[in-house]
Amino acid sequence: MATYDERQLEGREVYEKLVRRIAEVVPPGINHWEPAFEIVDGPCAAFMLALSALEADPSDRTMARVTAAYGRVIEAWRVAAAEYSAEKSEA
C-alpha cells in the first residue's frame, strides 16, 4: 500500500497535469475574464474534492471519480474559452 506521501505526490502529479491541459485549451487573457471562473467553479471544486478523496483512499473507484472530474474541468474550461472568444469577437 502506498504511503501518504506517495499518495500526495500522485495527487500533485494529477493536478499538475490538469493545469498543463487547461493551459492548452484556454486563450490568453481568459484569466482576467470573471465569467470564466463562474463557469469553472463547480467542476474545479468537485475535482479538488475527488483529488482529496484519492489521497485518503487510493482505490480504483476513487481514481475513476478523479478522472471523471478531470474531464468535467477540461470541458468547463472549453466552454469558458468559447464564450470568452465569442464575447471578444463581438467587441
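The values are calculated or read from the model by the stated rules, or taken from the named source; none is laboratory data. It should be emphasised that the depicted structure is a prediction, and the values quoted were computed from it without experimental measurement. Glycine gets a Cβ as well: all are built from the backbone with ideal geometry, and neighbour counts include every protein chain shown.
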Give me the residue from the range 66-91 that is touching a helix residue (DSSP H, G or I) at 6+ places or on another chain (Cβ under 9 Å) and of a type in the set (Asp, Glu) and, out of that set, surrounded by the fewest Cβ atoms within 10 Å (Cβ to Cβ). GLU87
Given the criterion of a type in the set (A, V, I, L, M, F, W, C), in a helix (DSSP H, G or I), within 20 Å of ARG65 (Cα to Cα) and modelled with pLDDT of 95 or more, identify the matching residue among LEU9, LEU18, LEU51. LEU18
Yes/no for ALA36 being over 11 Å from VAL73 (Cα atoms) and aliphatic (A, V, I, L, M): yes
Do we find a residue being charged (D, E, K, R) and surrounded by 15 or more Cβ atoms within 10 Å (Cβ to Cβ) anywhere in the range 47-65? yes
Of those in the range 23-34 that are touching a helix residue (DSSP H, G or I) at 6+ places or on another chain (Cβ under 7 Å) and surrounded by fewer than 19 Cβ atoms within 10 Å (Cβ to Cβ), the residue farthest from VAL66 (Cα to Cα) is TRP33
When you scan the range 46-65, do you find a residue that is touching a helix residue (DSSP H, G or I) at 6+ places or on another chain (Cβ under 8 Å) and under 28 Å from LYS88 (Cα atoms), even just one? no
Conditions (1) in contact (Cβ under 8 Å) with a residue 24 or more places away in the chain; (2) farther than 18 Å from GLU16 by Cα; number of the one not met by ASP57: (1)
